[in-house]
Amino acid sequence: FHCHVYPYPESEASRVDTMNGLHSQIQDLSVVLEETEQYLAQVLDKVVLVLPTWRVQVQKMKAIYLVLNQCSFDVTKKCLIAEVWCPVQDLIRVQDALRQASSGSSVECFVQRVPTSESPPTLIRTNKFTAGFQNIVDAYGVASYQEVNPAPYTIITFPFIFAIMFGDVGHGLLMFLFALWMVLNEKSPSLRKATNEIWQMFFEGRYLILLMGAFSIYTGFIYNECFSKATAIFPSAWSVATMANRSSWSSAYLATHPFLTLNPNITGVFQGPYPFGIDPIWSLATNHLNFLNSFKMKMSVVLGIVHMGFGVTLGVFNHVHFQQWHRLVLELLPEMIFLLALFGYLVFLIFYKWIKFSVADSMVAPSILIHFIDMFLFTSNPGNLPLYPGQVAPHQEMGGDTPFSPSLGPLRGSHCLCCPPPQLVGAGEQEPLLEGQDAGNSVNTTKEDVESGGHDAEYCLGCVSNTASYLRLWALSLAHAQLSEVLWTMVMRQGFVALSYAGGLVLVPVFAAFAVLTVAILLVMEGLSAFLHALRLHW
């Protein structure tokens, strides 16, 4: 054990002298250790004051050496050459930095622009607010050089689509306050330098979460839901008293009918649309799910088609910037015709039916879904009346021809071997087939032809599948509302068992359980689910 062994003296006096000598050595060592600790404490106190400066200097040195290691020597091996991409507006700053760094040196630093045919990399400048939204776009793919960057539009569309699935005033307010706390304390070192990876992800997306919470409050007011409960901000447009006064509701009728129906055809029962959002009386109705399902399903389809149409329209800026005028005619125009002739027509039918049919003739209102299916099947259903005169013929027949029209795709299809191929924009300098020429050797299916045909098929199928995919807005919104109602009914309402001191004591643990489950299930799990679905729809 590396112990020091001392000889044991024979006499008592020698043993006392040896013990005294050891004690004096121990005291001397204790004094030395104490003085050393004091000195180290003084040194560390001084180091603490200059440690931030040292850390910055070390990081700068590491960054400088990292850049120098990426440079190459010239022929004489006396200077370094760096080949880099640099934004044009930053060239003056780079030249000034090199000029300042080489002052007092025998070798001057300079910048020389090198001509190249390579496509430059994409540089998108961001700040602490836009960085989170740019990361969402870059996770799918970085735009090519000088293409339109969709991230600025994502700042609005992403929180809004998230809020459609997460619409609740209470849950949105909690999310907004959490993000606001991170924003107000964003300069705190403890928050910025946290090692938890999940926390870093939340902190970097604090502005994204802030907008998601704010938009969720807005959609929560539209749905009229606050922790699954409706709020009567304005008086209800439905009058139960008018229905009771103008109907045959007797005491015997009320005793045998636990559920009553409000008839909007009776004057005064329905007094017009609610000023903002859903009327709070629907939260008391037994058929509120049927009403909300119809409303949210149509809303999802309308918003989805508008979102997809906006995404296709952004291609206009790319084609105009790169002066690809043929793509405006051969690609963008057919895509918009296909989208609007089918699904734009569906949106028109939805709004037309909302406006055309009132409560009086709602029982004879035709089904939009059956009309849409009949349009694809080139058939008619006598039992499903048209929404307007001439709807079935010729309007729907023209719309039904749209997806199968060969003139809508880029004109690069196959051609008759006995006829010359079509001469199109961007078709190159290929000569048409001459008479007597071996046609079999002249048929060349190029890579562009295959990609163009694949793009056509992908777009047509994608329009159908993506439109159906936007129905997740309806499904997720319904799931969030139902989970919120279940938590209130099965947990929070159990705390209102008694209006006494005992009931107050019971309410404390019940509210604690309700709060924990709300945060864990509705805010974290449902929030993550809605975030992922909004991410998929944007991609």
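The values are calculated or read from the model by the stated rules, or taken from the named source; none is laboratory data. The structure presented is a predicted model; accordingly, all values stated were derived computationally and were not measured. FYI the Cβ positions are ideal-geometry reconstructions off the backbone, even for glycines, and counts take in every protein chain you see. These accessible areas exclude ligands, DNA and RNA; they are computed on the full protein's heavy atoms, side chains included. Shrake-Rupley method; radii C 1.70, N 1.55, O 1.52, S 1.80 Å.
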* Regarding residue 468, is this residue part of a helix (DSSP H, G or I), open to solvent by 40 Å² or more (accessible area, probe 1.4 Å), modelled with pLDDT under 90 and out of contact with any Pro (no Cβ under 9 Å at 6 or more places or on another chain)? -> yes
* Asked: When residues of region 99-114 are filtered for being farther than 16 Å from residue 80 by Cβ, open to solvent by less than 100 Å² (accessible area, probe 1.4 Å) and not polar (S, T, N, Q), how many remain?
  -> 1
* Take the residues in region 317-335 that are more than 21 Å from residue 454 (Cα to Cα) and not aromatic (Phe, Trp, Tyr), then tell me which one is least open to solvent (accessible area, probe 1.4 Å). => 320
* Could you figure out which of (1) polar (S, T, N, Q); (2) more than 28 Å from residue 489 (Cα to Cα); (3) in contact with a Phe, Trp or Tyr (Cβ under 7 Å, 6 or more places away or on another chain); (4) modelled with pLDDT under 90 isn't true of residue 190? => (3)
* Asked: Among (1) hydrophobic (A, V, I, L, M, F, W, C); (2) at pLDDT 90 or above; (3) not in a helix (DSSP H, G or I), where does residue 317 come up short?
  -> (3)
* Structure fact -> Output for Cβ contacts, cut-off 8 Å, separation at least six or different chains, first residue free of Cβ contacts under 8 Å to residues at least 12 places away in the same chain in region 229-256, second of a type outside the set (D, E, K, R) and open to solvent by less than 50 Å² (accessible area, probe 1.4 Å), reads 249/243
* To do: Go through region 496-529 and count every residue that is open to solvent by less than 40 Å² (accessible area, probe 1.4 Å), under 40 Å from the mean Cα position of the chain (by Cα) and over 30 Å from residue 158 (Cβ atoms).
  => 1
* Asked: Based on what the data block shows, is residue 219 of a type outside the set (Phe, Trp, Tyr), open to solvent by 70 Å² or more (accessible area, probe 1.4 Å) and more than 19 Å from residue 521 (Cα to Cα)?
  -> no
* Taking region 229-259 only, how many residues are farther than 15 Å from residue 284 by Cβ and open to solvent by 90 Å² or more (accessible area, probe 1.4 Å)? -> 6
* Asked: Taking helices (runs of 4 or more DSSP H) that fall entirely within region 98-187, which contain at least 2 residues that are closer than 25 Å to residue 314 by Cβ?
  -> 131-140, 151-165
* **Filter result for residue 232 (modelled with pLDDT under 90 and more than 25 Å from residue 481 (Cα to Cα))** => no
* Selected residue (criterion: farthest from residue 115 (Cα to Cα)) from residues of region 66-80 that are loosely packed, with under 10 Cβ neighbours inside 10 Å and under 43 Å from the mean Cα position of the chain (by Cα) -> 66
